[in-house]
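A short worksheet on the structure shown next.
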Amino acid sequence: MCLFSAVVSSSAGAPQMSFSFKGSSKEFVPVQEQKNWTEAQKYCRQYHTDLASVRNESENEQIQKIINQNLTSHNQAWIGLHRLWVWSDNSTSTFTHWETNRPDTRDVNRDDCALIDHQGIWTDEDCLKPHYFVCYDGE
């Protein structure tokens, strides 16, 4: 069962509309502020649970819908996968949805993190670049 909700919240004094999808034990929340991966993780841990971890195709599709409905001008968002491709919340999952020839492991000196796009495809990007991101609430 998947429920959709809309919430008006205040961030730094400015109201912000956010939409979320509730799955079995997670609620995904898009954040319409651009931050690098570490700043996004810090924000998610302060106001939610963590950056989104994607455990299966259903969760991947929920995040894809969130991006299409909320982040239309920028069709990529940080998720919680980083470095040696571990989840920010230390959860485990064998599910991946990488773009062809990704992740790019040629530059071992670059710290990469994962982005999900409007089609639900993952790519790797320099963690220092600012992007929108998706948090989650729940387990």
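Near residue 60, within a Cβ-to-Cβ distance under 14 Å, what is the net charge of the other residues, with Lys and Arg +1 and Asp and Glu -1? For residues surrounding residue 60, the net value is -2. Listed by Cβ neighbour count within 10 Å, with the fewest neighbours leading, 27, 33 appear as 33, 27.
In percent, rounded to a whole number, the relative contact order of segment 39-131 is 30, using alpha-carbon pairs under 8 Å and six or more apart.
The H on the amide N of residue 97, modeled in the peptide plane, is under 5 Å from the matching H of 122, each at least 5 residues off or on a different chain. Taken along the Cα-to-beta-carbon direction at a fixed 7 Å, the label points for residue 86 and residue 119 span 3.2 nm. Residues whose amide H lies under 5 Å from that of residue 135, counting only those 5 or more places away or on a different chain, are 29, 31, 52; hydrogens are built 1.01 Å from N in the peptide plane. Between residue 75 and residue 46, full extension at 0.36 nm per residue minus the direct alpha carbon distance yields a gain of 8.0 nm.
Counting Lys and Arg as +1 and Asp and Glu as -1 over every other residue whose Cβ lies under 12 Å from the Cβ of residue 130, the net charge comes to -2.
FYI, it's all coordinate maths here, none of it is from the lab. Bear in mind that the values here come from a model prediction, so they are computed numbers and not experimental data. Quick reminder, even Gly has a Cβ in these numbers, built from the backbone with ideal geometry, and neighbours come from all protein chains shown.
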